[in-house]
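These notes concern the structure reproduced below.
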Amino acid sequence: MPSAPASPVAAAVAEAHRREWAYVLAATVRVTRDIDLAEECVQDSYAQALITWERDGIPGRPGAWLTTASRNRALDVLRRDQTARKYLPLLVEEHVTELEEPSDIPDDRLRLVFTCCHPGLATQAQVALTLRLVCGLTTAEVARAFLVAEPTMAARITRAKKKISTARIPYRVPSTADLPERIEAVLAVVNLLYTTGHTAPTGEALARTDLVARALDLSRMLRELLPHDPGVIGLLALILLTDARRAARTDAQGRLVLLPDQDRSLWNRQAIAEGTALARRALRHHPPGKYALMAAIAAIHSGSPSWQATDWAQIVALYDLLAAIWSSPVVRLNRAVAVGFAEGPLAGLAALDKLSDEPQLAAYGYLAAARADFLSKLGRVHEARTAYSEALLLTENAVERDFLDQRMRSLPDS
């Protein structure tokens, strides 16, 4: 049986969670100076909203209502417990005043991202914890971003919190001098936030525009804060160039449209021009970093007049450079797909099959989907159908599932 539709209040609270979580948490942290306590208070405010909004109506500014409720809840807790700071991590030590916080971080959300990316934790733990607490992603969404199982990610986040607690790592807003040692983790947070929004892991819509907008906002703020950092420039270029294709990624019925079939007249040419200029600037830094190289790949796609005119050989060469400095499973997968377009489906399939034993790709639907596409082009229908079935088992986004199902149904009878 289909599930009952959510009530208007439940839908409004869910939408406020998607759009306002980071704002509400950042505002509450300013009261608590303690991220765990702030998180509890914010969760309480969302729970209270379900009751109060049902009685009094949905407020005109849900984010402001939630912020006030969360801060008031925090003040109540602090008044009741003035003797011990039970909740860790401490975001600002007791002797640090508001005036000592660096004034050049322009936004509470970005300030909190930098704060949570504490060098006392391993980089992956910093990124995972920040995505979960500050950006409001679920543990399942964070797990998918890292290509690990949800229980594995839940344990990783728990261990990070425990380390903060047992080691009493002081979390304070970093000074300007401390920003460079945290920027790599901050860039990873923003990149994974954008990636999760660009293609939502679950749900009925292809993208989560709230996460896309948040990532773009944060990347622009980072550019203002660190205008000469090549990683910052490269990441902003990458997001602009990728997001420029947003309007063409689905048709009028909301169905997925892959890059070869997209109407390029729908692409945002202003964003492409800005992103391309930034990509060129990032590439002037030697050696170029991973975000500059990814932006360069995106610029080739965006600058090509057609799919057929795409310079796949150059894209493969850029992936080779990228893999040399960042050999992630997804980079190797994307390189294998590019090989298939540059050298033909047989070469692409051979490159993909070399990744079959990669544990992080075992539950990654895009590997199976890419294999299915190359197998179908080679006329290996039975194998293609099996690969599409595997991709469907590993895909939870409804738009992507519909696309894969249609592709499988369009295969000729074997």
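The values are calculated or read from the model by the stated rules, or taken from the named source; none is laboratory data. Please read these numbers as outputs of a predicted model, since none were measured by experiment. Every residue, glycine as well, gets a Cβ built from its backbone with ideal geometry; the counts of neighbours run over all protein chains shown. For the accessible areas, the whole protein counts, side chains as well, though only heavy atoms, and no ligand, DNA or RNA atoms are used. Shrake-Rupley method; radii C 1.70, N 1.55, O 1.52, S 1.80 Å.
Quick notes on this structure:
- Selection count, the stretch 34-74, where residues are open to solvent by 10 Å² or more (accessible area, probe 1.4 Å) and in contact (Cβ under 8 Å) with a residue 60 or more places away in the chain: 2
- Annotation for the stretch 20-32: at least one member residue is under 17 Å from LEU133 (Cβ atoms), part of a helix (DSSP H, G or I) and among the basic types (Lys, Arg).
- Qualifying residue in the stretch 325-335 (condition: touching a residue at least 40 places away in the same chain (Cβ under 8 Å), under 29 Å from SER302 (Cβ atoms) and out of contact with any strand residue (DSSP E or B) (no Cβ under 6 Å at 6 or more places or on another chain)): yes
- Given (1) within 18 Å of LEU192 (Cβ to Cβ); (2) open to solvent by 20 Å² or more (accessible area, probe 1.4 Å), index of the condition VAL232 fails: (2)
- Boolean, TRP307 is surrounded by fewer than 22 Cβ atoms within 10 Å (Cβ to Cβ), of a type in the set (Phe, Trp, Tyr) and without any contact (Cβ under 8 Å) to a residue 40 or more places away in the chain: no
- Listed by first and then second residue, the pairs with beta-carbon distance under 7 Å, at least 6 apart or on different chains, first residue in the stretch 387-402 and at positive phi, second assigned to a strand (DSSP E or B) and open to solvent by 80 Å² or more (accessible area, probe 1.4 Å), form an empty list.
- Test for LEU206: is it at pLDDT 95 or above, touching a strand residue (DSSP E or B) at 6+ places or on another chain (Cβ under 6 Å) and not aromatic (Phe, Trp, Tyr): yes
- Matching residues, the stretch 263-276, being surrounded by 13 or more Cβ atoms within 10 Å (Cβ to Cβ) and free of Cβ contacts under 8 Å to residues at least 40 places away in the same chain: LEU266, TRP267, ASN268, ALA271, ILE272, ALA273, GLU274, GLY275, THR276
- Taking the stretch 113-227 as the region of interest, the helices (runs of 4 or more DSSP H) fully inside it that hold 1 or more residues being among the basic types (Lys, Arg) and open to solvent by 20 Å² or more (accessible area, probe 1.4 Å) are 123-133, 139-146, 150-167, 209-225.
- ARG246 vs. criteria within 20 Å of the chain's Cα centre (by Cα), at negative phi, at pLDDT 95 or above and surrounded by fewer than 18 Cβ atoms within 10 Å (Cβ to Cβ): yes
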